[in-house]
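The values are calculated or read from the model by the stated rules, or taken from the named source; none is laboratory data. Not measured: the values here are computed from a predicted model. Ideal geometry is used to build each Cβ from the backbone, glycine not excepted, and the neighbour counts take in all protein chains shown.
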Amino acid sequence: MTAEIHNPTNKLSPEAKKVWRITGLIEDVIGLVVIAVLLFLDHYFNWVDWLGWIFIGLAVLTIPSVIWTFVRPHLLYKSWRYDADEEFLHLKFGTITEKHELIPMTKIQAVTTNKGPIMKKFGLMTISVETMGSSHSIPCLKEEVALQLRNEIAQYAKLKEVE
Amino acid sequence: MSPKRYHPLIMVLELFGLVKSFGFIAIYLFVIRFGSDSGFTYYARIGFVLVLALSMVSIFLKWRTNKYEIEDESFHLYSGIFTKSKQTIPFSRIQNVNRRTSFIHKLLSMTSLQFETSMSGNDASIEFKMVTKEEAEMLEEMVKKQPLNSDELSLAKDNEELPETKAEDNRIVHFTPTRKDLIRASFTSLSFLLLIPVVGSLFSNFNDVFSIEEEAQGLLSALPQTWWFYALAAAIIIIASVLFGVVRTFLKYGNYVIASDDNRIYISKGVLDETAFSISKNRVQAIEIIQTPLKRILGLAEVKLTSAGGVGIGEENLEINSLYPFLPVQRAYEIIEELLPAYSVTNDMKKLPRRSFWIRLLRPSWIWIIATITLFIFKPEPFDIEIAWWLISILLLLITVIFRVLDYINSQYVINEHFIQMKSGSLSTTLFVTKRDKIIEVNVTRGILQRQFGLATIGTVNRSKPVHHSGIDDIPDELAALFVSWYRERKQEITIK
């Protein structure tokens, strides 16, 4: 009996941090623009008083959000581990709440890889795994690693249990 | 067997459905707007008749084209008037069988049958909306005979001389409620309270028509103003409510029968509207034992079997997967053991450690925080009490704490060799029992506070419709680790094909 849950060993690509920071910053900027537009409209059309205060409050909240955008990728990268063997896919991740997920290979129904424009720039891919009732993903893997892992999972997942 | 049409009486059922959905429009167009000769009514009537005629033709055409065939241990379903489609569903995909004999079916001495698979969407079930009882019997028998896995298949081939109807007649009845059980059930289900809205709506309906209230004014003054008159009236109402509750319970649970044979479990119930549910024992994904506060006081419980197939008929969730909802707890455990010898429910479960009590008190309650902030901003003054807002806040906090303490007391778990048992809940408790090979996924989460206390939350996912999540909060870290390594050993029980 082990006192600790055995941690998976494989890490994501270190480039993940950059990708998360860039996407996070883009989201922050979009958020700020939306707030700015709302503030302008508020000023222009003379909306109710307290609405303006809410927008200012939201704008102030962007500051911790930007800090978090810089800190979170580091923590998340450090926390991410995964393992795939012939029996299980084991994922571990989470900055504030740490989560382990253990999925039997026989229950995996589909595995896909996909990448967005920013990930593409860094040569990264995300693997998504579908089971009967849920979907899980391993983000930001190096392209070669991702493709190999996808094929491995597909191979292991070929076997099905007798129901 | 060549493709066969469904029973022609299915058209009667469809027509009945048509009347139900078009009835109101018909009354509106032809009765309420009887004398109207506005353009709208005129065209609406034409449109209505056209749609009605088309629907009737489509009912007939559907009956003509929809066919089924049974071959190679599969159902082959043909459908579509213009776009033809064919669907093949092997018997081995069927998770459970639901049968319902509604009042209309009874009149025509027919029944309806539904085979449920674990697939999602429209193709999930094979429905026979109208079949003769003999044919339903035959279809069910055919699906039942389907060997359960390849081992049994090869075994069956070895002894082909075995009489096929061998397992037919050793069905054992495990439970059928006595009159006493039913009376107890009618009080526990509080169904006598249902008379109140019924009387209420009846009264308001009458009132609209006869305006009782105004006449009652005069009548009221004529009533004898004595205490015994009111006592008598109250007594009559109470007796009527109780009778109503008892009759309702008898109609709903009167014919309850829980039975099983070597391979399957059968649950049937209902007097006017009969439903029956049957599932193969090794397709039971999990068992739930649910106790509401009232049931806990009376020592009763409801037992539910989880199936990967659907448990309703049509749109209705009929709860047909429930063993009798008012079983005495001890009897419930016994029945589970009789029905599913592969399962064993134990009373001997582990309680949570003391530190999970403290973590539950420390954890911030977001509902309470948000409620308090809202109360602080708006400062409502119910009953003109000025400081009421923080009294409400304190009361809310108190309720939150009580619920958490109750959940701590009720939370128990145990991991046996092949099983996991988890119980939780504040007022109503649910005990969840499942086998390792039926769990399709597990997870462990640890929040910031939990990591300080060395605690974790474990969770399981089981097949159902939709998938069933279950879990328990704040168990010690080392037990969460044990839980994960226990799940890793599931290869002992599964067979790969």
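When B:Val461, B:Val484 are screened for being of a type in the set (A, V, I, L, M, F, W, C), without any contact (Cβ under 8 Å) to a residue 24 or more places away in the chain and at the interface with chain A (Cβ under 10 Å from one of its Cβ atoms), only B:Val461 passes.
Considering only residues in region B:447-466 that are of a type in the set (S, T, N, Q) and either assigned to a strand (DSSP E or B) or within 25 Å of B:Ile409 (Cβ to Cβ) (or both), the one that is farthest from the chain's Cα centre (by Cα) turns out to be B:Gln452. Determine, yes or no, whether A:Ala16 is more than 14 Å from chain B (Cβ to nearest Cβ) and more than 17 Å from A:Ser65 (Cα to Cα). For A:Ala16, the condition - more than 14 Å from chain B (Cβ to nearest Cβ) and more than 17 Å from A:Ser65 (Cα to Cα) - is met.
Is there a residue being in contact with an Asp or Glu (Cβ under 8 Å, 6 or more places away or on another chain) and farther than 25 Å from A:Leu141 by Cβ anywhere in region A:64-76? So far as region A:64-76 goes, yes, one or more of its residues are in contact with an Asp or Glu (Cβ under 8 Å, 6 or more places away or on another chain) and farther than 25 Å from A:Leu141 by Cβ. Of the strands (runs of 3 or more DSSP E) lying entirely inside region A:47-163, those containing at least 2 residues that are within 14 Å of chain B (Cβ to nearest Cβ) and not small (Gly, Ala, Ser) span A:81-84, A:88-93, A:98-104, A:108-114, A:124-131.
Being in the same structural domain as A:Ile138 (by TED's automatic domain parsing) and in contact (Cβ under 8 Å) with a residue 40 or more places away in the chain: is that true of A:Thr106 here?
In short, yes.
Looking across region B:89-110, the residues that are closer than 24 Å to B:Asp123 by Cβ, assigned to a strand (DSSP E or B) and of a type in the set (S, T, N, Q) come down to B:Gln95, B:Asn96, B:Asn98.
Is it the case that B:Lys497 is within 7 Å of chain A (Cβ to nearest Cβ) and among the basic types (Lys, Arg)? In short, yes.
Is it true that some residue in region B:349-356 is under 19 Å from the mean Cα position of the chain (by Cα), crowded, with 16+ Cβ neighbours inside 10 Å and touching a residue at least 24 places away in the same chain (Cβ under 8 Å)? No, region B:349-356 contains no residue that is under 19 Å from the mean Cα position of the chain (by Cα), crowded, with 16+ Cβ neighbours inside 10 Å and touching a residue at least 24 places away in the same chain (Cβ under 8 Å). Considering region B:467-480, the residues that are facing chain A (nearest Cβ under 9 Å) and either assigned to a strand (DSSP E or B) or touching a residue at least 40 places away in the same chain (Cβ under 8 Å) (or both) include one that is surrounded by the fewest Cβ atoms within 10 Å (Cβ to Cβ), namely B:His469. The residue list B:Asn443, B:Asn410 contains one member that is surrounded by 15 or more Cβ atoms within 10 Å (Cβ to Cβ) and either within 14 Å of chain A (Cβ to nearest Cβ) or at positive phi (or both), which is B:Asn443. Quick one: is B:Leu54 free of Cβ contacts under 8 Å to residues at least 24 places away in the same chain, farther than 30 Å from A:Thr131 by Cβ and buried (at least 17 other Cβ atoms within 10 Å of the Cβ)? Judged against the criteria, B:Leu54 is not a match. Summed over region B:32-69, the residues that are under 30 Å from B:Thr83 (Cβ atoms) and part of a helix (DSSP H, G or I) give a count of 20.
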